[in-house]
1. For C:Lys7, go through the lysines and keep the ones whose alpha-carbon is under 19 Å away, minus same-chain ones fewer than eight residues off.
2. Less than 21 Å apart at the alpha-carbon level, and either on another chain or at least 8 residues along: which lysines does that give for B:Lys7?
3. Name the residues of region C:74-92 whose amide N is less than 14 Å from a point 7 angstrom out from the Cα of A:Ser173 along the C-beta direction?
4. Return one whole number: the accessible area per residue of chain B in Å², for a 1.4 Å probe.
5. Grab the other residues whose beta carbon is less than 13 angstrom from that of B:Pro240, score K and R as +1, D and E as -1, and report the net.
6. Of A:Val141, B:Gly156, A:Ala290, which is farthest towards the positive pole of the protein assembly as shown's charge dipole, taken about the Cα centre with +1 and -1 on the beta-carbons of Lys, Arg and Asp, Glu respectively?
7. For region C:2-73, would you read off the P(r) tail past 21 Å as a percentage of all alpha carbon pairs?
8. Partner chain Cβ atoms within 10 Å, averaged over the residues of B:123-132 - can you pull that number for me?
Amino acid sequence: MKRIFLGASVLALTASMAMAQSTHINIGDQLEPPHLDPTAGAAGAIDNVVYANIYEGLTRFSADGDVIAGLAESWDISEDGLTYTFNLRSGVKYHDGSDMTASDVVYSLNRARAEDSTNAQKGLFAGIADVTAADDTTVVVTLTSENGGFLFNMAWGDAIILNEGDDVEALKSQPNGTGAFTFTNWVQGDSINLARNENYWGTPAILETVTIKYISDPTAAFAAMMAGDIDAFPTFPAPENLPQFDADPRFTVIIGSTEGETILATNNKMPPFDNPLVRKALSHAIDRSAIIDGAMFGYGTPIGSHFAPHNPAYIDLTGESNYDPELARALLAEAGYPDGFTTTLKLPPPTYARRGGEIIAAQLRAVGIETEVTNLEWGSWLEEVFRGYDFGLTIVSHTEPMDFGVYADPEYYFQYDSAEYQALMEELTAETDPDRRIALMQDAQRMMAADDVNVYLFQLAKTGVANKNIVGLWENSPTQATDLTAVYWSE
Amino acid sequence: MIKAAFKMPGFTIGFILAMTFVLAALVSFFWTPFPTDIVDVPNKFQLPNRVNWLGTDHLGRDIFSMLMVGARTSIAVAVVAVGIGMGLGVPLGLAAAARKGSLLDEVIMRGNDLVFAFPALLIAILITAVFGPSAVNAIIAIGIFNIPVFARLSRGAALSLWTRDFVLSARVAGKGAVRISAEHILPNILNLLIVQGTIQFSLGILAEAALSYIGLGAQPPIPSWGRMLADSQTMASFAPHLALFPGAAIVLTVLGLNLMGDALRDLFDPKIRRGRE
Amino acid sequence: MLRYILKRLISLGLSLIAASVLIFVAIEIIPGDAAAYMLGINASPEAVAALREQIGLNQSDFTRYFDWATGMLRGDFGISYTYRVPVADMISNRLWVSLPLAMYALFLSTLIAFPIGIIAASKRGSVADWMVMGGTQLGVAIPNFWFAMLMVQLLAIKYQFFTAGGFPGWDNFWLGMKALTLPAFVLALPQASILARVMRSALLDTLTEDFMRTARAKGRTRRGALVHHALRNAMIPVLTIIGLQFSFLLAGAIIIEKIFFLPGLGSLILTAISQRDLIVVESVVMLLVFAVIVVTFVVDITYALVDPRLRRRV
């Protein structure tokens, strides 16, 4: 019985693919998610499938990064900034047919902030004192203190609203959301299929079916695009192949920004990096443009602090750490290392780290700093570098939006411990006036740059490739997502 | 003997091929056309020309120089791995043969079977997952799998020698098992060991390339053929020379060693079966 | 004989236990854990601890080994840490790719090796023999991942005869076969080279035996005698090699599966290692080791039955 059913659905699927190319899309992605519950895992691959497509939160990110209304139609903020009253949309149904009500919101937020919560971004919910349902479509959230970023926090994929009463273990393989697409099936190791939600509360999706195919190998990804097996690769893994796509009239190359600040992280508590002069020397020893050219083939924007250039509050501080090997050597001598020193450079798997690492090792060698390079998998990197503080230098891209708050945590792996910065962050959290917030964020950038906490390399570019007839893909990546709700074929 | 070897065309070709790379590796200690640890991004993807004989890679490094130093890495890893295999495998095999049928023999042989049962590449991956990737760990991973090869080979060969007259007379003369193994058995299986050593050496080079290819061998900035191939993979469609030269280097070295090994085998024992397992 | 089998059976059991302990210990010391991997770099330590508790990582090593080892006796490999599905299901899904791939490669390898091995043997010393011997030397020397890279560049990207990889499933048998063809061919090449050489030397060995002379004396041509009589006698070493190659192909396709992004056992284990889904890693390794140990056992027993002198492989 099960077999027959399966066979029929597969048949139907292939038939629909053959009949109408214009309503189906094959999306390529590099990493397959471990499961499909964004409230219980940090894998960006989860959000790439479910964010905006399957699951929605109270608010959401738009394509240009603004926080807009999601399942909450509107909201009121009390005078003191401590009480948020969300007015939910009515008539929203989960894919299994049940209604989305205020109690689902209460359940989801309480679950995320509970003691035994396994939410990867538990910090987003830390300021919540209480969540209550005033009636079926009204939720009142009380905060412990003012939080100018609360609506922003609620837009994250980790803050989506689950259906109360669903078995959360089952959701990992069978998500049940409110979004414009429903989950069809998951061929593990190969692909995930979605179908249009015909009962969607908002503007329905244009595509009828979606296949997200997982191709981890960049060469295979290139071949699959070239052969037309994949229609769009929103984040193409090999920037070196983009010129070839650009030259091919069948494709468009979509270059946008991401929230990924790529940094050469420095162990601030480990000698000699506890010496500010040494860190300053590092920042002058690195030639960002060579790294962007060599490792990313030109895709990427230089940054001078841990802050995204497309953000309105951004100030360009790259001049403070301009490439000047002479100065770097002088600073090292002043710090007491005229002959340099030897340290470790531990690299996680992404190309920016591995290729960038080779270039950085060569640049550091030129000013007398020898590095022992070790390539690590993410698992070992998390254990050794992130939790074990066992590293001198490492390269990593911090892809969460507006994540400069981590610099206020002295336990965070690069261990920047500045009372001044921590006070600044507290002030920022409590501030709700937009202009004041911008001013404070600019102070933060200046402080990060002046203290040379890390060497800020470049903002990771979103390098997408798509069939030229596909319209509506996100150009930028304000959060990890492949929002397909507005995507269609122009021919 | 040496003269006889060079009369065999297979041996001569193999010898020339293998020696070319050994020589390149040795010379690289003193001289390479360009330094391999300096990155020159604006000079990337040069095609072979008079300055860079085999062109430059994606970071502007000279491919010819990289291949020379890469030969050093490959050969060093393979030689040490074979050394580990011989150093531990041969004594184990001889001991098992000397005490045929004993518990020691049983334990050694079943231990060999056990190691053989593990898929080699997989174990190498696991070893590097535990200890982190490095040339040393690649050597250990490859070396472990050489131990049972030499243990089995020397046990088998030694067993047949133990029944021979000269061993019997040595026993009558009161020599112990250790002395007999060292003085009478070992010299007589040396030829076999050399042949097998050549073959394991070539397999070691392939294994090192495979490990480096998946990022588990020697770490940058030490060049390695396998990693050069891995780096070139996405660029092969517009810069094929990045993928062709390191691959050719591997093929020619392995080919040379195999030709030498086969020729030596024929030379030492014309009756021995051709064709390798 | 019975005593011999019993003895081997005991050592088989001991080997399996030793292997399981070895695998468990070796894999459990891999640094990093699944919970930390799943929650990423902004996770709070409490969330990681809660997840560790949830997926059972906080139990003692001994308890986990015991559960895992006794579960395997019942065919239950436990639950994947990351995917939260039974490991046995994951493995059996992947076997549907890896097993056909190994069989396909073996088939191609035999298909290539038999004729050229026979030709080389029947025309020993001829140009054809030289070409076969030279070609097979090359076949052994080419690293298969490099060959795969070149094939993908040439046949999939440049001329697009094949897809560059991926596996569409067995719903359409021919599409499935097409997807496996290039990887199977790449895997088959070095195996075919080895097999052809074994074939050739096994045939040459039998050519000197008495029954061959009898056959020739009866008026068989050299090739006729070769095909009808020698081939049958050369099958023992050839089949032994094929058996060994099969278990090698099952586990040895890791890199090829990665290049062609085939969802087989190899890619399962690579992903599981990187995600620190250690129970999956342990189970797959154990399964592969089990397969080899059992095959070796069966081969030993068969040999011993055929020829009692061969109580011990050399």
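1. Cα-Cα hits under 19 Å: B:Lys100.
2. B:Lys271
3. From region C:74-92, the list is C:77-92.
4. Values: 11400 Å² over 277 residues.
It amounts to 41 Å² per residue over chain B.
5. Details: positive: C:Lys158; negative: B:Asp57.
Its environment carries a net charge of 0.
6. Value computed over the given set: B:Gly156.
7. On the way: 1175 of 2556 pairs.
Here the long-distance tail beyond 21 Å is 46 percent of all Cα pairs in region C:2-73.
8. Working: counts 5, 0, 8, 9, 2, 5, 15, 7, 4, 8.
Mean shielding by partner chains, rounded to a whole number: 6.
The values are calculated or read from the model by the stated rules, or taken from the named source; none is laboratory data. What you are looking at is a predicted structure, and each value in this text was computed from that prediction instead of being measured. As a convention, Cβ positions derive from the backbone with ideal geometry for all residues, glycine included, and neighbour counts pool all protein chains shown. Surface areas here come from the heavy atoms of the whole protein model, side chains and all, with no ligands, DNA or RNA. Shrake-Rupley method; radii C 1.70, N 1.55, O 1.52, S 1.80 Å.
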